[in-house]
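To start, the structure under review is shown below, and the notes come after it.
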Amino acid sequence: MTTKDRLYGLVLSGGKSTRMGQDKGLISYHGVPQREHLYHLLDTLCDKTFLSVRQDQDEEIASSFKTILDRNEFRGPYNGLLSAYRKYPDVAWLVLACDLPLLDEASLKELIAQRNTQKMATAFANRDNPLPEPLCAIWEPQALKTSIAYLEAGNGTCPRKFLINNDVSLVFPKTPQVLLNANSQEEYKEALQKLES
């Protein structure tokens, strides 16, 4: 396997979860904290998997989980994403936000099967609003290298905007509801209802 084909998994769990009012990574939808659930999903599919965490979270994580500490060079999700890139710059990263409670192994396999290493990224998107979902995507090394220049040029800190303006491959999941983001109490309740049904 060449380096560029290597795929590492990253669960972004270092956010402050202000809208939810509690740490989204610690919410249990599947019997374990969500960040651990996603880690285990990725760990079956990727060469290596990591939790992206803040310094103050690191000691609460069990030693069975590999972590990458946020370097706090950039704002928002890019903080975790580029901290991972700085540590392992030659691999692609399958990145997941910890607020995707309906995401499953079958959908992740779908995304990986359609990975296009010639593009900057391969991202899930909704057919009715076909914008790349940057936090359920495979970022190739070149995309992350280019992102640093993009951020340093003062283009804002939105990873979706970066992907929109670059050459990416969109994948429409067979089960669109896997992209439900649970960022608020209302969305949390909606996710629970969908899981129950």
Discussion item. I'm trying to understand the selection: among the residues of region 177-192, which are modelled with pLDDT under 90 and more than 16 Å from L26 (Cα to Cα)?
Written reply: L180, E186, E190
Discussion item. So the check is Cβ under 9 Å with 6+ separation or different chains; which pairs have a first residue in region 37-48 that's under 16 Å from D5 (Cα atoms) and a second one that's open to solvent by less than 80 Å² (accessible area, probe 1.4 Å) and of a type in the set (K, R)?
Written reply: C46/R6; D47/R6; K48/R6
Practice prompt. Would you check if there is a residue in region 158-173 being open to solvent by 60 Å² or more (accessible area, probe 1.4 Å), in a helix (DSSP H, G or I) and not aliphatic (A, V, I, L, M)?
Written response: yes
Worksheet item: Can we say K87 is out of contact with any helix residue (DSSP H, G or I) (no Cβ under 9 Å at 6 or more places or on another chain), free of Cβ contacts under 8 Å to residues at least 24 places away in the same chain and open to solvent by 50 Å² or more (accessible area, probe 1.4 Å)?
Response: yes
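Working only within region 129-145, note down all residues that are touching a residue at least 12 places away in the same chain (Cβ under 8 Å), open to solvent by 50 Å² or more (accessible area, probe 1.4 Å) and over 20 Å from K87 (Cα atoms). Steps first, please.
Step one: filter region 129-145 for residues touching a residue at least 12 places away in the same chain (Cβ under 8 Å), giving 130-145.
Right, trim to open to solvent by 50 Å² or more (accessible area, probe 1.4 Å) and you get 130-131, 142, 145.
If the condition is that a residue be touching a residue at least 12 places away in the same chain (Cβ under 8 Å), open to solvent by 50 Å² or more (accessible area, probe 1.4 Å) and over 20 Å from K87 (Cα atoms), then P130, L131 are the ones that fit.
Of everything in region 49-64, what is over 14 Å from the mean Cα position of the chain (by Cα) and either of a type outside the set (A, V, I, L, M, F, W, C) or under 23 Å from S107 (Cα atoms) (or both)? Give them in sequence order. Walk me through how you get there before you give the answer.
Within region 49-64, the first condition is being over 14 Å from the mean Cα position of the chain (by Cα), and the residues that meet it are 54-64.
Of everything in region 49-64, those that are over 14 Å from the mean Cα position of the chain (by Cα) and either of a type outside the set (A, V, I, L, M, F, W, C) or under 23 Å from S107 (Cα atoms) (or both) turn out to be R54, Q55, D56, Q57, D58, E59, E60, S63, S64.
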Practice prompt. Among the residues of region 49-72, write down those that are open to solvent by 80 Å² or more (accessible area, probe 1.4 Å), touching a residue at least 12 places away in the same chain (Cβ under 8 Å) and under 24 Å from E152 (Cβ atoms).
Written response: Q55, R71
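The values are calculated or read from the model by the stated rules, or taken from the named source; none is laboratory data. Computed from a predicted model, the values in this text were never measured in an experiment. In this analysis, Cβ positions are derived from the backbone assuming ideal geometry, glycine residues included, and neighbour counts consider all displayed protein chains. With ligands, DNA and RNA removed, areas are computed over all heavy atoms of the protein, side chains included. Shrake-Rupley method; radii C 1.70, N 1.55, O 1.52, S 1.80 Å.
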